[in-house]
Amino acid sequence: MRTDQDQPVRLADYQPPSWLVETVDLDVALHPTETRVRAKLRLKPNPAAPAAPLALDGDGLTLRSIKLNGAPLAAENYAATPDRLSIAQPPRRPFVLELETVVDPTANTALSGLYRAGDTYCTQCEAEGFRRITYFPDRPDVMAVYTTRIEAEKSEAPVLLANGNLTEAGDVAGTTRHYAVWRDPFPKPSYLFALVGGVLGHVADEFVTMSGRKVALRIYVEPGRESRADFAMDALKRAMRWDEEAFGREYDLNIFMIVAVSAFNMGAMENKGLNIFNDKYVLASPETATDEDYANIDGIIAHEYFHNWTGNRITCRDWFQLCLKEGLTVFRDQEYTADQRSRPVERISDVRALRAHQFVEDAGPLAHPVRPEVYREINNFYTPTVYEKGAEIVRMLKVLLGADGFRKGMDLYFARHDGQAATVEQFIACFAKATDRDLAQFMRWYRQAGTPEVAVTLSHDAKAATCTLEIAQMLPATPGQPVKEPQVIPLALGLVAPDGRDLPLRRADGRAVERGVLVLTRPAETFVFTNVPQRPVASLNRGFSAPIRLTANLNADDLRFLAAHDSDAFNRWQALQTLAVTLLIDNVKALRAGQPMRQDAGFLSALGAIVADTALEPAFVARALTLPTEADVARELGRDVDPDAIFAARNALRTAVGDALGPALRDIYRRLSVSAPYSPDAESAGRRNLKNVALDLLAASSGSAAIAIAARQYASADNMTDRMAAIATLSLHPVRERQAAIDDFYRRYQVDPLVIDKWFALQAAIPEAATLDRVKELTRHPAFSLGNPNRVRSLVGAFAMMNQTQFNRADGAGYAFLTDTVLALDGRNPQVASRMMTAFKSWRALEPGRRGKAEAELRRVAAAPSLSTDVRDIVERSLADT
Ligand SMILES: [Zn+2]
């Protein structure tokens, strides 16, 4: 345990580093249990900081030797503990420090620092893993030039990789070992250091940059899996081209490498020139990966590549600025995906994810600002708020400033801060300067947690031909922030005339509505529009221009009108969602009061009209037909949540949709069941998605033959998307075809770990009482291991995060299972354990019975001896009185 981390770290306490590191020469001799690391650091006092002793970070290190300017340092001149190396009176001029440490990669089950994924040696240094390799000022504002020599047994690690360009390689004379030397000319923070050694296959390609430089591309995978990396390579080349075209950013080294490993705490890591990926986000073949997997690979390959400029060339001054690289890079990968695929469909997917994860976080005890001001464990701040809400802030900048102003600000940011460790203030200052705007109030988005609530009231004066919007904004209290100030909210809107056309937006006060966006800045504002002879319907927050919760005096007729006529595709989808959520909430309340549920023929006919509109792209229709999730309904309820009632109401609506749209759904299924060779492109994926959504709704309808169709599709599918969709549909129904498919699936794919992850997740998500026992039994399955994060996420994570009724069992047994697992996992891998613990993030919104059971489990974890800082932080914040 790192006891020093138990003290909170505060943004307000930031001090520049007293010592800078100019160069780092590493010499790493790989060994399964005793890897020797020699580090030669060229240090110099920071002229911008007061003189101070030298204190280097460590984490569980053993120091073997230490030299200063070539001479061994006497014991009385330094102090070394596993977590710190200090020299009280270092020279006040540049000097060279040589350190030798020994680390055990095999014993490293936390998967931070140098560890083994299977037999492959690899590293993960973000956020604070480098200090588990050698003593170092392990903070992002210390940027140095690294040269890395790696040495290993040729048989054990024929492939040796590190950041930068390869400068030398060869055999170690007289031994069975060999070495490679890599030099990265770009100064970088230690968290971007990486090395890899192992038996790996690869695919190779080449990219010619916009200035004509040739860059070698390599993707390394487990031998035999090379053909499954072709799609990732294609995605990489498209991402490199897109960043040149959309942002003018060119790649800078001679080689770009990606290594796929089987044990990884996160999705992927943007180490300079040597990205390391969870193999889930590299490997794909039609037989083993779904359309969703392909889309994830596309987006994540792009995301990590884009970090080369937003994160690596310009990095973060300190970890409080994490959103500076993550929010911006998520925005960039979302834009890439929108350009590669379908912009409205991508926006719908992004907003669904934002609401499902970030809005929920923002409404619970773990809420925090996009730029937090205090942390105890930085690993717990790789959150939807930092990433997804961080991206929404960048998107709002673009909405406010327009595409040209936004690009000018980005260009200035790259020009001003290349090679630096920057802050959010410096980022925003570039946009203020480039567009001559005052963005001081806009900065509140980074400081204030919580989701703004915006209420809009439209009134119409037929005689004056005016339309008035009264708009109020309110930001709810969040932990540590009882009182909030109004935000800058860019609200894109349209006034839709009865004939379905958008009216010109003419404000009575003569002010323009630039690009159709009202900019809200005050708690309450009134906007009057002229030349509006008939009452229009307001289409608000078009394209989800701001990450807010919106209420408006739109009635069901207005929403159906928007669903049919809005020129903004996002709001057509949103109108249907609002109708569905309203109906579901009414029915949850009715069920709990013992009253009959209501039907909504209007909603069903609006949905029918979307299905019948052949001008719409299939992926959009599929999104429209996908009802709000149980978690969506719980979030909108906000309190006194009863997951069983939500499940029952939602199931009834699924049946109603299946019944009402039966003929149309059967027609879709028939039309889209074409046997063409599989292609992962967005259009084909959209057609498969719509076909499978139709099948799932048909299976939910009363007295349908769809179960047999699903079983047939499962057996005859020639791609994983169709097979997985069929088995997922079967899994929702207690029919004998279900177990047959589950057994068959394991037999077919048992040699393929990524597919077996799907098998675990599928069973964990079945919404029925027997599931918990099944999940417990699966933890004893030979293919299950607490040592593999993907496996833990696929079984335990899927149960706790995806299965609303069974995780939230009224008897509390689901909670007890999760806490038992977290306690078993914590000593081994604290990062994954604390991530699992966040399944309790909405516990306060539950109805009293479940809330009491959840609290008891949280208190049981809090009382456990020797918790990691990671889990303790999550548990204590979850329990804190706000
Ligand atoms: Zn990232």
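Here is a yes/no grid of residues against (1) of a type in the set (Val, Ile, Thr); (2) touching a strand residue (DSSP E or B) at 6+ places or on another chain (Cβ under 6 Å):
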{"position": "10", "(1), (2)": "no, yes"}
{"position": "18", "(1), (2)": "no, no"}
{"position": "21", "(1), (2)": "yes, yes"}
{"position": "24", "(1), (2)": "yes, yes"}
{"position": "35", "(1), (2)": "yes, yes"}
{"position": "47", "(1), (2)": "no, no"}
{"position": "51", "(1), (2)": "no, no"}
{"position": "79", "(1), (2)": "no, yes"}
{"position": "82", "(1), (2)": "no, no"}
Open to solvent by 40 Å² or more (accessible area, probe 1.4 Å), modelled with pLDDT of 95 or more and in a helix (DSSP H, G or I): does that describe residue 211? no
Note down all Cβ pairs under 7 Å where the first residue falls in segment 306-323 and is touching a residue at least 60 places away in the same chain (Cβ under 8 Å), the second is within 12 Å of the ligand (Cβ to nearest atom) and assigned to a strand (DSSP E or B), and they're at least six residues apart or on different chains. 322/316
Report whether or not residue 333 is acidic (Asp, Glu), within 16 Å of the ligand (Cβ to nearest atom) and in a helix (DSSP H, G or I). yes
Inside segment 130-161, can you point out the residues that are part of a loop (DSSP other than H, G, I, E, B), within 18 Å of residue 29 (Cα to Cα) and not aliphatic (A, V, I, L, M)? 134, 135, 154, 155, 156, 158
Limited to segment 262-286, what total is found for residues that are within 13 Å of the ligand (Cβ to nearest atom) and either in contact with a Ser or Thr (Cβ under 7 Å, 6 or more places away or on another chain) or assigned to a loop (DSSP other than H, G, I, E, B) (or both)? 4
Restricting the first residue to segment 457-471 and requiring it to be of a type in the set (Asp, Glu), which pairs with a second residue that is open to solvent by 50 Å² or more (accessible area, probe 1.4 Å) and at pLDDT 95 or above meet a Cβ separation below 6 Å and a spacing of at least six or different chains? 470/457; 470/526
Could you please find all residues in segment 558-616 being over 28 Å from residue 686 (Cα atoms), in contact (Cβ under 8 Å) with a residue 12 or more places away in the chain and not in a helix (DSSP H, G or I)? 597, 598, 599
Could you tell me which residue of segment 377-393 is surrounded by the most Cβ atoms within 10 Å (Cβ to Cβ), considering only residues that are within 12 Å of the ligand (Cβ to nearest atom) and not hydrophobic (A, V, I, L, M, F, W, C)? 390
Return the residues of segment 757-770 that are surrounded by 15 or more Cβ atoms within 10 Å (Cβ to Cβ) and more than 19 Å from residue 785 (Cα to Cα); say none if nothing qualifies. 766, 767
Residue count, segment 670-715 (criterion: closer than 23 Å to residue 745 by Cβ, open to solvent by 60 Å² or more (accessible area, probe 1.4 Å) and part of a helix (DSSP H, G or I)): 2
Considering each residue of segment 739-756, count those that are open to solvent by 20 Å² or more (accessible area, probe 1.4 Å) and part of a helix (DSSP H, G or I), and give that number. 10
Has segment 584-602 got at least one residue that is among the basic types (Lys, Arg), modelled with pLDDT of 95 or more and within 26 Å of the chain's Cα centre (by Cα)? no
Looking for something among the aromatic types (Phe, Trp, Tyr), open to solvent by less than 50 Å² (accessible area, probe 1.4 Å) and over 30 Å from residue 277 (Cβ atoms) - is there at least one such residue anywhere in segment 125-138? no
Applying the selection to segment 547-557, what residues are touching a strand residue (DSSP E or B) at 6+ places or on another chain (Cβ under 8 Å) and in a loop (DSSP other than H, G, I, E, B)? 548, 553, 554
Can you tell me how many residues within segment 336-353 are of a type outside the set (Val, Ile, Thr) and within 16 Å of the ligand (Cβ to nearest atom)? 3
Examine segment 306-320 for a residue that is in a helix (DSSP H, G or I) and within 11 Å of the ligand (Cβ to nearest atom), and state whether such a residue exists. yes
Please determine whether any residue of segment 287-304 is more than 16 Å from the ligand (Cβ to nearest atom), more than 30 Å from residue 13 (Cα to Cα) and among the aromatic types (Phe, Trp, Tyr). yes
Those residues of segment 162-187 that are open to solvent by 40 Å² or more (accessible area, probe 1.4 Å) and assigned to a loop (DSSP other than H, G, I, E, B) come to a total of 4
Restricting segment 858-869 to residues that are open to solvent by 10 Å² or more (accessible area, probe 1.4 Å) and either in contact with a Cys (Cβ under 6 Å, 6 or more places away or on another chain) or touching a residue at least 12 places away in the same chain (Cβ under 8 Å) (or both), which is nearest to residue 265 (Cα to Cα)? 869
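The values are calculated or read from the model by the stated rules, or taken from the named source; none is laboratory data. Everything quoted here is computed from the prediction, not taken from an experiment. Every residue, glycine as well, gets a Cβ built from its backbone with ideal geometry; the counts of neighbours run over all protein chains shown. All accessible areas refer to the heavy atoms of the entire protein, side chains included, with ligands and DNA or RNA removed. Shrake-Rupley method; radii C 1.70, N 1.55, O 1.52, S 1.80 Å.
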